[in-house]
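Trainee: Can you read through this structure? Questions will come right after.
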Ligand code: SF4
């Protein structure tokens, strides 16, 4: 009976990233700053102090910036100052440096290109079949759902040659979730050290990237970057399965330039790409 | 919900034991037991739930007194609660049978002290607590976790085999303790709701509702009907997603590959619908003190159409699953939890209802729009993994029924206000930075029926800032019951029992 059931309702596995996916293009990413580098931050309510997670800053020139690594996607800035902030969309969002999550960027893109090239060189051996290991370092539980979704028939990451493994000794990529609970520092480190080289660490979600709203806390580090060497930073609260898939492809240097893909422009420009202004999607 | 005036200070800490046991003997349950830093010492609060609602009992452990007579020896449901009090405040409940670290990954100095005014310093784990295969005379301990196979939350299960006795399970939650309750101190309610959402991320909506109701009660803010409906809508979508997650895990444990894929797909559809309605697949950023932040992005007719399609596809698969004999046989008599024990412990949610407890806050202590909608309570007496699944299958049907009612009502209420200020006036366009609650002062207790069971909040606010927020999830209250449901082979039954409990480690460890 179940065999026949598998054929019903035309469950379609996404073809992304080879083909665009409408849902992937519509998923919401962290807040971003609209209107180029010269957006004025006058008006009410004041932009500074708007963000409950401390993701928004304003420099002396009045330029507003969002640190997407701290953004928990609460929507307050987009709702109250649609003239300054909007949502990023599409399955991108991951970057290869922590500083690369600040939009508009402050860092010299040259150095990002070098980071990307170095990672690509290191992960060349991993291009075909890749084994993933996940460690929860203090998540709220939603990130695990979105990672597990990669195994459902809609995402089915086996088609991309990616498999989860129980043993860190067979793992190439480490997905870490959570704000970096002190209690997990040791077990996380042990898992990392048991993995063979070359290996890549992906911080999955804004809590893992920057501690989110959980930090500062007596029980967590401000993200997992102090606990293990993170190579790919993926914000989101939680990031969608497409965003996680995209971060994995970025980690492996396999993210093709495809329409509807935010990071397609290359990791050095990850914060750029398709944006949607204003309202909720 | 309890009004501030009803709090009683029973005074002496020695009276606590009698109050709790008397209440349980009268058929009530201990719903929470926790501490708060107080000028006179340690304020210990017991939330006693009964048919008339929840009674809050506060007692003072005077400053300088480092111990009090434990409640656990006379009321077993206090077992983890008193370990938490010990972890957070260093106070010793005297006569507690096993006062080991549960939430704080350390046994040395450095206390979180929730409710205090200072930010607690960094607390590092004690290396002696890290997993080890403890082998002593007559004792054999097998640690499982905190990093386990598959994509799981971090928790350590220790299988202890003392001598000839049957194996015993011990759990340690401190690996992913995040210090959430201390983090609330000084936050504005409109920011703090975002923390409530992240306390138990798969039950964000229920936590946000319980928290906001407490704030609204303190500040005297009436929630508009349309907002109550939108809250209910998201709470039921959340229930669908969580219950389907349990179905996926059970099917996966039984090796039913097609069923696992099918229900994984259904769950994905629910998360997508939620995202389509509000932008977040977990319903986050919707519930805010005073109401909701925005109207659904999908109109009621669109929601109804999506629900119809979802229900048609899902119910056919559920029917097939509940007729798959090999699957049902695997769950039958697995992880039995007898009704008498469920009543004693006051087991919550589907775990309690599968063991004969007929209680669901949506019906017995209604909130949001539930009081005006038709809600049914499903229960079973068998108390095994199958009964827990059957209760959830009933609740999936119930959720669809509620969702349809809420969407119908929403089409009537389509132009009503989405949030109100303390006078009841619509504050559309006002900011959500908390200005509206600046002067709020007081304390309130509130609840919501999360998919895992009742979440219970005790919120205190001074001049618009949180001074204490206690967030007790059903996951914390129920997880301890895993101690006593292993009747057969621990190793082979484990995945089914864990999945059938359907709890969140994040919500338990906070
Ligand atoms: S969406 Fe919320 S968390 Fe993100 S930058 Fe805007 S205000 Fe901050």
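Trainee: When you look at residue B:337, is it in contact (Cβ under 8 Å) with a residue 24 or more places away in the chain and either touching a strand residue (DSSP E or B) at 6+ places or on another chain (Cβ under 8 Å) or assigned to a loop (DSSP other than H, G, I, E, B) (or both), yes or no?
Mentor: For residue B:337, the condition - in contact (Cβ under 8 Å) with a residue 24 or more places away in the chain and either touching a strand residue (DSSP E or B) at 6+ places or on another chain (Cβ under 8 Å) or assigned to a loop (DSSP other than H, G, I, E, B) (or both) - is met.
Trainee: For a quick check of your reading of the model, give me the residue pairs whose first member lies in the range A:71-91 and is closer than 19 Å to residue B:198 by Cβ and in a helix (DSSP H, G or I), whose second is within 10 Å of the ligand (Cβ to nearest atom) and modelled with pLDDT under 85, with beta-carbon atoms closer than 7 Å and at least 6 apart or on different chains.
Mentor: Hits for this filter: A:76/B:432.
Trainee: All but one of (1) surrounded by fewer than 16 Cβ atoms within 10 Å (Cβ to Cβ); (2) part of a helix (DSSP H, G or I); (3) at pLDDT below 95 hold for residue B:255; state the number of the condition that does not hold.
Mentor: (2)
Trainee: Would the range B:310-327 turn up any residue that is away from every other protein chain (no Cβ under 14 Å) and buried (at least 17 other Cβ atoms within 10 Å of the Cβ)?
Mentor: no
Trainee: Keeping to the range A:189-226, report how many residues are surrounded by 24 or more Cβ atoms within 10 Å (Cβ to Cβ) and part of a loop (DSSP other than H, G, I, E, B).
Mentor: 8
Trainee: Filter the range A:53-66 down to the residues that are part of a loop (DSSP other than H, G, I, E, B) and near the ligand (Cβ under 6 Å from one of its atoms), then identify the one that is nearest to the other protein chains (Cβ to nearest Cβ).
Mentor: Selected residue: A:53.
Trainee: Quick one: which residue in A:140, A:136 is closer than 30 Å to residue B:269 by Cβ, within 14 Å of chain B (Cβ to nearest Cβ) and more than 16 Å from the ligand (Cβ to nearest atom)?
Mentor: Just one listed residue meets the conditions, A:136.
Trainee: Residue A:19 - would you say it is surrounded by fewer than 17 Cβ atoms within 10 Å (Cβ to Cβ), at pLDDT 85 or above, away from the ligand (no atom under 16 Å from the Cβ) and in a loop (DSSP other than H, G, I, E, B)?
Mentor: So residue A:19 passes the test.
Trainee: What strands (runs of 3 or more DSSP E) lie completely within the range B:17-132 and have 2 or more residues being closer than 19 Å to residue B:467 by Cα?
Mentor: By residue number, B:29-38, B:41-50, B:53-62.
Trainee: Still on this structure: Farther than 30 Å from residue B:293 by Cα, more than 7 Å from chain A (Cβ to nearest Cβ), out of contact with any strand residue (DSSP E or B) (no Cβ under 8 Å at 6 or more places or on another chain) and at pLDDT below 90: is that true of residue B:136 in this structure?
Mentor: Here the answer is yes, as residue B:136 does meet what is asked.
Trainee: Exactly one of (1) within 14 Å of chain A (Cβ to nearest Cβ); (2) within 21 Å of the chain's Cα centre (by Cα); (3) part of a helix (DSSP H, G or I) is unmet by residue B:342. Its number?
Mentor: Every condition holds for residue B:342 apart from (1).
Trainee: Can you name the condition, by its number, that residue A:203 falls short on among (1) more than 7 Å from every other protein chain (Cβ to nearest Cβ); (2) within 15 Å of the ligand (Cβ to nearest atom)?
Mentor: Single failed check for residue A:203: (2).
Trainee: List every residue pair whose Cβ atoms sit under 6 Å apart, with the two residues 6 or more apart in sequence or on different chains, where the first one lies in the range B:279-290 and is farther than 10 Å from residue B:205 by Cβ and the second, anywhere, is more than 12 Å from the ligand (Cβ to nearest atom) and part of a loop (DSSP other than H, G, I, E, B).
Mentor: B:279/A:281; B:290/B:221
Trainee: Can I ask one more? What number of residues within the range A:85-99 satisfy the criterion of being within 16 Å of the ligand (Cβ to nearest atom), modelled with pLDDT under 90 and either within 14 Å of chain B (Cβ to nearest Cβ) or surrounded by fewer than 21 Cβ atoms within 10 Å (Cβ to Cβ) (or both)?
Mentor: Going through the range A:85-99 one residue at a time, the tally reaches 1.
Trainee: Right, here's the next one. Scan the range A:150-188 for residues that are assigned to a helix (DSSP H, G or I) and more than 19 Å from residue B:148 (Cβ to Cβ) and jot them down.
Mentor: Across the range A:150-188, the qualifying residues are A:157, A:158, A:159, A:160, A:182.
The values are calculated or read from the model by the stated rules, or taken from the named source; none is laboratory data. Everything quoted here is computed from the prediction, not taken from an experiment. Please note: Cβ atoms are built from the backbone with ideal geometry, for glycine as well, and neighbour counts cover all protein chains shown.
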